[in-house]
Structures are given as structure tokens and as C-alpha cells.
Amino acid sequence: MKKLLQILPAGLLLVASGAYAECSRPGSPVVPDGAATTEAELVDAQTAVKEFMEGTNAYLECLAQEEADAPEDEAPEVGSARIAAHNQAVDDMEVIAEQFNIAVRAWKALSAEE
């Protein structure tokens, strides 16, 4: 208990020293080839895509909060990098969504033939 009381103030100091830690961006899921996958694999991919979208939305919210908390004298390059990171994340979401939709259409077309 005594060690916990010694560690706790140090942890609070670390939290107070920076309003927010760096935003963490999730990795992109692997989307299978719809023409060569099973329904179960496609369902797993759907779950992974949904988690990616949720994680990326949280990342975008974090970037927005960093922008709101940015000091007025922040270097312009920092703000530009934040905007570029935001735009890249949105682009990646669109690419993953399209890849998944293509996989679903391919799987459905193959399933219809059977």
C-alpha cells in the first residue's frame, strides 16, 4: 500500500504534464479476396473492418481534441501534420470500406453461381 501511495502522485504528475498522449491510429485490417473466401472468413473480415472504423473514428476524435487543445503559438507544421494525418485516416477508411464491399460483391456473385 505504501508503494502504491508513492507511485500514485508520480502517475498523476505524468497525466497532468500533457493534456493528451499522442493519438494512436489502428492498423488496417486484411480484407480477403471475396472470390476465394468462405462466409466465415468474410464475417471475420467484417468484424475487423468494423473495429478498424471504430478505432479510426476514435483516432480522428483524438486529433480533433489535440487541435482544440493546441496552443496559439503552435508551429504551423504541427497543425499541417495533424491535418494530413486526419485526411490520410479518412482516405484509408474509404479504401478499406471499398475493398470490403468489393469482396462482398465477389463472394455473393460466386455464391449465386453455386
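Taking every alpha-carbon pair in the range 25-113 and binning the separations at 10 Å intervals from zero gives 16, 37, 23, 15, 8, 2, 0 percent.
Projected label points at residue 50 and residue 73, each 7 Å from Cα along the beta carbon direction, are separated by 4.8 nanometres.
In a shell of Cβ-Cβ distance under 13 Å around residue 30, excluding residue 30 itself, what net charge do Lys and Arg (+1) and Asp and Glu (-1) give? All intermediate terms of the calculation are to be shown ahead of the outcome.
Working: positive: none; negative: 33, 41, 44, 51.
With Lys, Arg at +1 and Asp, Glu at -1, the net is -4.
Work out the FRET efficiency for residue 57 and residue 108 from their Cβ-Cβ distance, taking R0 = 41 Å, and round it to the nearest 0.05.
On the way: r = 27 Å, r/R0 = 0.66.
Efficiency computed from Cβ-Cβ geometry: 0.90.
Bear in mind that the values in this text are calculations on the coordinates, not laboratory data. Only a predicted model underlies this, so the values are computations on that prediction, with no experimental measurement involved. For neighbour counting, all protein chains shown are included, and Cβ atoms are generated from backbone atoms with ideal geometry for every residue, glycine included.
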